[in-house]
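Scroll down for the structure; my scribbles are underneath it.
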Amino acid sequence: MSDRKPIPSDVKRSLRQEAGFGCCKCGRPIIEYHHILPYTEDDPHFRIKDMMCLCPYCHHEATVGAMTMQEQRDLKSNPINIINDRAEGHLKVNQDLLMITLGNNQFLTENAIITVDGNNLIQVKSNENGRLDLSLKLYNEQNDLILEIKDNEWVSGDFIPWDIESSFQILKIRNKKYDIALDINAKEIPLMINGKIWHNQHLIKLTSKGIFFNAKKSSGQISDICFVGSNLELDTNEGVFSICPHPVYNGHSMIPGTIERKIKEGTEAFNRLKKNYIQQNL
Ligand SMILES: [Zn+2]
């Protein structure tokens, strides 16, 4: 599996677009790239006409032979998201400026990232067409990596213990065995992400009251802050967090307070950062 040649990114892009950014059968936004004609070393069948997007569940159905080749071709020709007039897929974002709430704290940056002990666990950005790109690494309580998603592609991990529930602008990922979950609600403005994740055997909770994380030396909490032009890194040894300014901007800021203040002043601060960035790069 690991020796396979990588699928060219332009092929992936075309496949996502024709499928309405989801599984051709069920519309889930977390997908894999399925080879309708089986991959071989001699001919990997990287042609758009011989591949399609399927979620891990529907992909399994196709690979165990429970979905005939004709059914696969029919689904590829008529993806459910296109039939349902959801050409932008389930993770459409309705904000010009993407502000993301991660556990009660807002992020205004190119790419909102929660890094834990040097490992990027959650990364969220909007792509050029206003859809959400999610990258995720989820560990269990024993610190085994049990799921990896990269730009909405299910890259590794057994799909069976997971529930991936989605509808328009909503995505919920839950593990049936471990206490791990991530909820994304893109109907909310700012877009809202809450969840329970693990790293280095420490629990990190993103709730409507803040980000809470257990750590060896002391526990940490971050609440009611809008991070502008920066990301967040948690340290589960010391129980502290640090700010990681995004390298494209010349500066960053933190706005505390009510949600109204954070939205207003955060947006103004981010527009100033972007203006400076544009002027410097003229
Ligand atoms: Zn599916």
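The values are calculated or read from the model by the stated rules, or taken from the named source; none is laboratory data. The shown structure was predicted, so the numbers you read here are calculated from the model rather than taken from an experiment. Reconstructed Cβ throughout: ideal geometry from the backbone, glycine too, with neighbour counts over all protein chains shown.
Miscellaneous remarks
- When the strands (runs of 3 or more DSSP E) confined to the range 65-145 are screened for residues that are within 24 Å of D158 (Cβ to Cβ), those reaching at least 1 such residues are found at 112-116, 119-126, 132-139.
- Residue in the range 194-210 that is more than 18 Å from E260 (Cα to Cα), of a type in the set (S, T, N, Q), part of a strand (DSSP E or B) and over 19 Å from the mean Cα position of the chain (by Cα) present: no
- Scanning the range 240-270 for residues that are more than 26 Å from F213 (Cα to Cα), within 24 Å of the chain's Cα centre (by Cα) and in a helix (DSSP H, G or I) yields T267, F270.
- For the range 125-133, the condition of being outside the structural domain of L54 (by TED's automatic domain parsing), at pLDDT 95 or above, surrounded by 21 or more Cβ atoms within 10 Å (Cβ to Cβ) and among the aliphatic types (A, V, I, L, M) holds for none of the residues.
- Residue match in the range 215-224 (condition: farther than 18 Å from V124 by Cα, at pLDDT 95 or above and in contact with a helix residue (DSSP H, G or I) (Cβ under 8 Å, 6 or more places away or on another chain)): yes
- Looking only at the range 101-132, and only at residues there that are of a type in the set (D, E, K, R) and closer than 18 Å to E188 by Cβ, the one that is farthest from the chain's Cα centre (by Cα): R131
- When we screen N185, N250, N214, N231 for residues that are out of contact with any Asp or Glu (no Cβ under 9 Å at 6 or more places or on another chain) and buried (at least 19 other Cβ atoms within 10 Å of the Cβ), the only hit is N231.
- Residue within the range 87-101 that is without any contact (Cβ under 8 Å) to a residue 12 or more places away in the chain and within 16 Å of the ligand (Cβ to nearest atom) present: no
- If you filter the range 21-57 down to residues that are aromatic (F, W, Y) and not in a loop (DSSP other than H, G, I, E, B), you find that the one that is farthest from the ligand (Cβ to nearest atom) is Y33.
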